[in-house]
Amino acid sequence: MPFSDISNRLGVSKGAISKYKKRWFPDGKMNKAGRPKIVSETAKSLLRRKVQIGELKTARSVRKELTTMGLEMTAQSAGNLMRSMGFNAAIKKKKPFLKKKNIEARYKWAKRHQYWTIEDWKRVIFSDETKVNVWGSDGCKYYWSRRGDKMQPHHLDLTVKHGNGHVMMWGCMTYKGPGYACQIFDGTMKSEDYQHILDTTYRDSLDYYGFNMDEMYFQDDNYPKHRSRSTKEWIQKNNMLVLQDWPAQSPDLNPIEHLWHHLKLKLSAYDKKAASVHELWERIDKEWNSFTEEECLRYYESMPKRIQAVIEAKGGPTKF
């Protein structure tokens, strides 16, 4: 405890506390008197460079580096120093691992589409699949509390073994709003299942917004079921336009990933978990269709920036 807290609690002076600390803990580290040493601009410049290149990752590592310079301070003070220099702690973003061939493919694809305008991107229908758990870690879960508050039921994110079931779903989005979504039963999708989705859910989505299949580009990833011979034949037979050569490992280029994220946030906001996968699907259907044209259009308008970010990263990960 700080000397001031001990003094208030026991009714003794800080000097007496210091005396007994020296007596009973002779090897204990004592706070040095006087103002802490000022870190020179040269030292700050060195710290700044090492933080930027990832050599120093934590306040403790910064403190250790300062020690080698002859500057003693606590890890908390080291953290305060980094904040005063404009650095703020942040959670690492999860990004897919990119192999060399992935990076090259992303860069080439972005270069081919760097001059597409927002109006060009409006002709693209984005699609994807995702899994939503009845119980699990979907979405980010926060709550407000004050120090000393008792634990409340809404402070907990309860889990059960094996997740108690999940829903695999397919969905698509347009710049006018979300398309229809459907369940993928048995957790896997064969080429025949995928063609059925294209012929029903996707076609119905186009009809709802007044789009024609031979005028809109369809985006999907390059999973084998999406590129099987029978699927290619179905696409050709139905005069379906496809956005060619979509690069693998590129969720940052697909705006539907944002809809998945916000869908799971909406689902995690329910006070009670869904009692079954059927109830979960009812919630999914409700929340999925609650996305507005303004929300979807905003993500379409970000496409030129996404492309430029990939080019600037030479095909590497981006902030999106």
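FYI, it's all coordinate maths here, none of it is from the lab. On a predicted model such as this, the values are computed, not experimentally measured, just so you know. Cβ: placed from backbone, ideal geometry, glycine included. Neighbour counts: every protein chain shown.
Computed from label points 7 Å out along Cα-Cβ, the spacing between GLN76 and GLU293 is 5.5 nm.
Give the cross-link partners of LYS176 among the aspartates and glutamates, using a straight C-alpha distance below 16 Å as the criterion and excluding same-chain residues fewer than 8 apart. Filter leaves GLU119, ASP120, ASP204, ASP207, GLU215, GLU293, GLU294, GLU295, GLU301. Within the listed set PHE218, PHE291, PHE25, the Gaussian network model of the chain (springs between alpha-carbon atoms below 10 Å) gives the highest mean-square fluctuation for PHE25.
Ordering GLU287, GLU294 from the fewest to the most neighbouring beta carbons within 10 Å gives GLU294, GLU287. Farthest towards the positive end of the charge dipole of the range 18-84, among the residues PRO26, ALA43, THR58, is the Cα of PRO26, using unit charges on the Cβ of Lys, Arg, Asp and Glu.
Only Lys, Arg, Asp and Glu carry charge here, each on its Cβ (+1 for the first two, -1 for the last two); on that basis the chain has a dipole of about 3140 debye about its Cα centre.
Mean residue ellipticity at 222 nm, helices only, the chain: -12000 deg cm²/dmol; runs of at least 4 DSSP H residues each add -39,500 (n - 2.57), and the sum is divided by the number of residues.
Sorting the segments 69-75, 121-127 by their mean number of nearby beta carbons within 10 angstrom, highest to lowest, gives 121-127, 69-75.
Of the cross-linked pairs LYS131/LYS272; LYS131/LYS286; LYS122/LYS232; LYS111/LYS319; LYS64/LYS101, those separated by over 27 Å at the C-alpha level are LYS64/LYS101.
When the Gaussian network model of the chain links Cα atoms closer than 10 Å, the mean-square fluctuations of GLU55, GLU192, GLU129 top out at GLU55. Can you tell me the FRET efficiency between SER7 and LYS57 if r is taken as the Cβ-Cβ distance and R0 is 35 Å, rounded to the nearest 0.05? The formula returns an efficiency of 0.40 here. Of the GluC sites (Glu not before Pro) found in the range 199-284, those in coil by DSSP whose Cβ has at most 15 other Cβ atoms within 10 Å are GLU215. Neighbours of ARG227 by Cβ distance under 10 Å: Lys/Arg scored +1, Asp/Glu scored -1, total +1.
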